[in-house]
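Student: This is the structure, below, for whatever I ask next.
The values are calculated or read from the model by the stated rules, or taken from the named source; none is laboratory data. Computed from a predicted structure; not experimentally measured. Please note: Cβ atoms are built from the backbone with ideal geometry, for glycine as well, and neighbour counts cover all protein chains shown. Note: areas computed on protein heavy atoms with side chains; ligands, DNA, RNA excluded. Shrake-Rupley method; radii C 1.70, N 1.55, O 1.52, S 1.80 Å.
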Amino acid sequence: MHESGAAAEAAQDCGTGRPGGTREPAEPPTGAEPPTGAGAPTGAGAKGESVRALEALERELSVFIRRTRASSRDMARAVHPDLEPGAYALLVRIHEVGAGRATDLAAYFGIGKATMSRQLRPLEELGLVAREPDPADGRAYLLRLTEEGRHRFLRLRRERRERYLELMSSWDVADIGELARLLHRLNDVKEQAHRTAPPPGQRPTEE
């Protein structure tokens with residue numbers, strides 16, 4: 001995707017092929033003793049490279065998230081003018097699972113039940129999502145896309161994929177697959193951290 005000054009900035013940072021624009025250390029002259037003392041590479045140098053790499057990652061993720069949020073508004077409105085930005089992501093998830101409980105959707109997005117109910121309400125009112133009894137629990141219900149909801153969602157997803165194909169037409173297919181693999185790996189790490197993290201009030205404080 002050939003866009004964003006931040007992307008160009010990151011490219012300049014990484015122009016030497018190493019995170020943060022750091023260069024490979026020069027080879028010492030033949031026969032010279034390896035550097036010692038204050039000038040010797042230490043763990044601090046490696047830590048500095050890691051920090052610069054993470055800063056570059058954070059910068060690019062921030063740009064990506066900001067633009068994703070902006071496009072989410074456009075995609076929700078493309079489904080229906082009255083939908084909120086988060087509606088498209090909800091439709092994606094409901095389509096993926098086929099039918100799911102509101103509580104499971106809330107857990108997946110990391111939001112409360114009340115917030116999820118508020119986001120689902122317009123989807124139901126517009127006839128895009130419908131409830132049906134849960135055969136595994138008569139007290140619960142499942143949510144699935146209606147025919148109208150599926151039609152609108154699939155049409156928009158097809159248009160969105162065509163747009164991505166256009167944006168990434170100069171990319172090698174292997175690079176696209178590698179990007180997907182790395183994002184999946186990052187998401188897995190974040191998910192594991194979220195599951196094992198103690199509640200906010202119980203997290204240790206730094207001294």
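Student: List pairs: first in the range 43-62 and free of Cβ contacts under 8 Å to residues at least 60 places away in the same chain, second hydroxyl-bearing (Ser, Thr, Tyr) and surrounded by 12 or more Cβ atoms within 10 Å (Cβ to Cβ), Cβ under 6 Å, 6+ apart or cross-chain?
Tutor: Pairs found: Glu49/Thr22.
Student: Restricting the first residue to the range 88-106 and requiring it to be farther than 9 Å from Arg144 by Cα, which pairs with a second residue that is of a type in the set (A, V, I, L, M) and in a helix (DSSP H, G or I) meet a Cβ separation below 6 Å and a spacing of at least six or different chains?
Tutor: Going by the 6 Å Cβ cut-off, the qualifying pairs are Tyr88/Met75; Tyr88/Ala76; Ala102/Met116; Leu105/Met116; Ala106/Met116.
Student: Please go through the range 47-82 and pick out each residue that is more than 30 Å from Phe153 (Cα to Cα) and not hydrophobic (A, V, I, L, M, F, W, C).
Tutor: Of everything in the range 47-82, those that are more than 30 Å from Phe153 (Cα to Cα) and not hydrophobic (A, V, I, L, M, F, W, C) turn out to be Lys47, Gly48, Glu49, Ser50, Arg52, Glu55, Glu58, Arg59.
Student: Here's a follow-up. Name the one entry in Ala89, Ala76 that is modelled with pLDDT of 80 or more, in contact with a Gly (Cβ under 8 Å, 6 or more places away or on another chain), assigned to a helix (DSSP H, G or I) and surrounded by 10 or more Cβ atoms within 10 Å (Cβ to Cβ).
Tutor: Answer to the check: Ala76.
Student: Considering (1) within 30 Å of Asp188 (Cβ to Cβ); (2) open to solvent by 30 Å² or more (accessible area, probe 1.4 Å); (3) over 19 Å from the mean Cα position of the chain (by Cα), say which one Leu142 fails and leave the rest.
Tutor: (2)
Student: Same structure again: Is it the case that Ala53 is touching a Leu at 6+ places or on another chain (Cβ under 6 Å) and modelled with pLDDT of 80 or more?
Tutor: No.
Student: Here's something else I'd like to know. Would you confirm whether any residue within the range 50-66 is of a type outside the set (A, V, I, L, M, F, W, C), open to solvent by less than 50 Å² (accessible area, probe 1.4 Å) and closer than 29 Å to Arg195 by Cβ?
Tutor: Looking for residues that are of a type outside the set (A, V, I, L, M, F, W, C), open to solvent by less than 50 Å² (accessible area, probe 1.4 Å) and closer than 29 Å to Arg195 by Cβ, one finds none in the range 50-66, hence no.
Student: Between residues in the range 115-127 that are free of Cβ contacts under 8 Å to residues at least 40 places away in the same chain and open to solvent by less than 40 Å² (accessible area, probe 1.4 Å) and residues that are assigned to a helix (DSSP H, G or I) and of a type outside the set (Ser, Thr, Tyr), which pairs lie under 6 Å by C-beta distance while being six or more apart or on different chains?
Tutor: Within 6 Å, the pairs are Met116/Ala102; Met116/Leu105; Met116/Ala106; Gly127/Glu148.
Student: Same structure, new question: Considering only the range 54-63, how many residues are touching a helix residue (DSSP H, G or I) at 6+ places or on another chain (Cβ under 9 Å) and either of a type outside the set (A, V, I, L, M) or within 24 Å of His151 (Cβ to Cβ) (or both)?
Tutor: Of the residues in that region, 4 qualify.
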